[in-house]
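A.B. asks: Mind looking over this structure? Questions follow.
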Amino acid sequence: MKTIKRPPGLWTTMTLCSLLATGCGYQQYQAHLLAAAHGHVSLRAHDTGDSGFLAYLHEEGYASRPEQWGWQELIFCTLYFHPDLDVARAQLSRAMAAITTAAQRPNPSVSIGAGRRNEPEVPEVYSLSFSIPVETAGKRQARIDMASNLSESARLNIAQTTWNLRYRLLSSWIEFNAAHQNLSMLKQEAQLRDEIVSMLTLRLQAGMISSVELSNARLQWQKAQQTLVEEQGRIDELKTQLASNAGLPLDKFDQLQLRLHATDQLLGVRRDIDITNALNPAAQDAALLNRVDIRAGLANYAASEARLRLEIARQYPDISLAPAYNYEEGFHIWSLGISSLLNVLHRNQGQIAEAKALRETEAAQFEALQARVIASMDSARSRYRSALLALEQARGLYEAQQTQAQQASLRFEHGFADRLELFTYQLENVLAKQRLLAAEYQVQRAAAALEDSMQLPLENLDQVTAPSRHSTIQRQSFQKAKS
């Protein structure tokens with residue numbers, strides 16, 4: 001009788017492969033439901049008394065919770081509570097996960113078969129084969145490079161979001177502070193105009209003036225009252241905007257004791273900056289390369305370069321090693337196969353053309369971004385210079401008006417001027433102070449816009465005197481790749 005050779009341990013091998021295919025280490029799905037009210041509840045939970053926020057302030061050098069809050073303190077609320085930063089961080093996490101995906105090697109596959117034949121002597125047939133893919137032409141590294149540059153762009157997006165939030169908070173604080181200063185001046189103006197109307201009414205009753213003069217004065221008083229009411233309503237609107245930029249709900253923001261700045265305090269060091277010397281071409285170039293969106297543009301361009309390299313590498317097909325074992329008719333058969341894709345119909349020309357077009361698009365967008373940034377910096381510098389000139393003129397007019405008001409006060413004390421003349425000069429002094437405050441806050445707005453155009457505080461401009469080596473290398477590589 002013929003002896004049939006049985007495959008030793010074949011079922012054990014098949015069982016082991018099945019266990020490997022369904023092995024441990026798999027993650028389980030966990031539902032994370034999101035309700036529409038979740039964002040509302042999360043925002044209401046933002047509180048400056050939160051233990052996590054207090055620990056964050058301690059890390060930033062605050063021994064305790066500030067009793068008074070200026071915009072420098074509110075910026076920490078923005079950085080801790082604002083949801084825009086949560087979005088940017090989530091996008092970075094997704095980009096970092098993409099690097100893990102790009103670095104993954106293709107999984108091998110296994111095929112197991114068993115059957116029976118009609119021949120009674122050798123009825124059993126078994127087969128076991130593997131397919132081991134092997135990537136060629138550096139495709140994996142190209143994927144990693146592309147994902148890494150995209151993650152760098154996502155990381156820079158956090159810095160860009162942080163700067164945008166800072167600029168929005170500073171702008172809203174400038175408007176809020178200016179509105180409070182203007183409200184104080186409007187109250188003085190309305191009070192003086194009310195006194196003037198009362199005195200003109202008495203003079204009209206005495207037949208000393210015409211009704212036209214009184215009507216004009218009453219009309220100006222009514223306009224001042226209306227402007228005062230509008231400014232009070234505008235302050236409430238600006239406070240809501242300021243609370244939003246600080247990442248706090250309005251009810252929690254109302255509990256903070258704000259520390260409003262005087263005009264000279266709010267201007268700070270910006271008045272001492274020589275704008276012509278500070279923004280020389282070297283400093284302007286350094287500030288240009290300091291911008292986060294410029295660096296993000298370079299990262300996006302590098303990602304498009306990596307994608308083109310990947311598509312070119314895909315011209316070369318991957319190979320697949322296929323070792324196999326078969327048991328048939330009592331014989332143990334071992335074999336090794338190699339399979340690959342035949343580039344007969346195309347050689348990835350379409351994808352390569354798309355990648356080249358993407359690289360050209362990124363290059364054009366980068367140059368357009370640089371042009372917009374340079375134009376924005378030039379415009380902001382001109383606006384800042386004009387605002388400084390207007391401030392000096394307004395200050396000169398205010399000082400002249402102060403001198404006239406003091407002289408009118410002396411004449412009134414010595415009986416050479418009446419109360420109406422005194423109040424008129426005081427009113428003109430208040431109006432001149434209003435124009436001075438408006439000019440000062442125009443300087444503040446122009447300085448904030450100049451900072452935003454460079455994405456750099458003006459007081460730190462002297463620390464950026466030359467482009468960093470990393471930025472220079474990036475720009476040189478961009479120019480080399482483009483050429």
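The values are calculated or read from the model by the stated rules, or taken from the named source; none is laboratory data. On a predicted model such as this, the values are computed, not experimentally measured, just so you know. Cβ: placed from backbone, ideal geometry, glycine included. Neighbour counts: every protein chain shown. Note: areas computed on protein heavy atoms with side chains; ligands, DNA, RNA excluded. Shrake-Rupley method; radii C 1.70, N 1.55, O 1.52, S 1.80 Å.
A.B. asks: Give the accessible area for VAL212 in Å² (nearest 10); use a 1.4 Å probe, count only protein heavy atoms, and leave out ligands, DNA and RNA.
C.D. replies: Estimated to the nearest 10 Å², VAL212 gives 90 Å².
A.B. asks: How high is the relative contact order of the range 59-188? Use alpha-carbon pairs under 8 Å, at least six apart in sequence, and give a whole percent.
C.D. replies: Details: 86 pairs, mean separation 40.0, N = 130.
It rounds to 31 percent for the range 59-188.
A.B. asks: Dipole of the range 170-231 (Lys/Arg Cβ +1, Asp/Glu Cβ -1, origin at the Cα centre): which of LEU202, TRP173, THR227 lies farthest to the positive side?
C.D. replies: LEU202
A.B. asks: Now a separate question. Please list, by residue number, every one of the trypsin sites (Lys or Arg not before Pro) in the range 393-457 that is coil in DSSP and has at most 10 other beta-carbon atoms within 10 Å.
C.D. replies: Working: sites: ARG395, ARG411, ARG419, LYS433, ARG435, ARG445; in loops: none.
The qualifying sites: there are none.
A.B. asks: Okay, next question. Just to confirm, what accessible area per residue do you get for the range 282-426 at 1.4 Å probe, in whole Å²? Please report the intermediate quantities before stating the final value.
C.D. replies: Details: 8220 Å² over 145 residues.
Ligands and nucleic acids excluded, the figure is 57 Å² per residue.
A.B. asks: Go through SER172, SER109 and list them by solvent-accessible area, largest first, probe radius 1.4 Å. Present the calculation step by step, with values, prior to reporting the outcome.
C.D. replies: Details: SER172 5, SER109 60 Å².
Correct descending sequence by accessible area is SER109, SER172.
A.B. asks: Just add up the charged neighbours of PRO249: K/R +1, D/E -1, any other residue whose Cβ is under 11 Å from the Cβ of PRO249.
C.D. replies: Details: positive: ARG44, LYS252; negative: ASP47, ASP251, ASP254.
My count for the surroundings of PRO249 gives -1.
A.B. asks: Right, another one. Excluding ligands, DNA and RNA, what is the solvent-accessible area per residue of the range 112-171 at a probe of 1.4 Å, expressed in Å²?
C.D. replies: That works out to 49 Å² for each residue.
A.B. asks: Another question, then. If you put +1 on each Lys and Arg Cβ and -1 on each Asp and Glu Cβ, how big is the dipole of the range 362-409 around its Cα centre, in Debye rounded to 20?
C.D. replies: It comes to approximately 120 debye.
A.B. asks: Then there is this: Taking every pair of distinct Cα atoms and averaging 1/r, then inverting, what Kirkwood hydrodynamic radius in Å comes out for the range 356-403?
C.D. replies: By the Kirkwood definition, the hydrodynamic radius is 13.7 Å.
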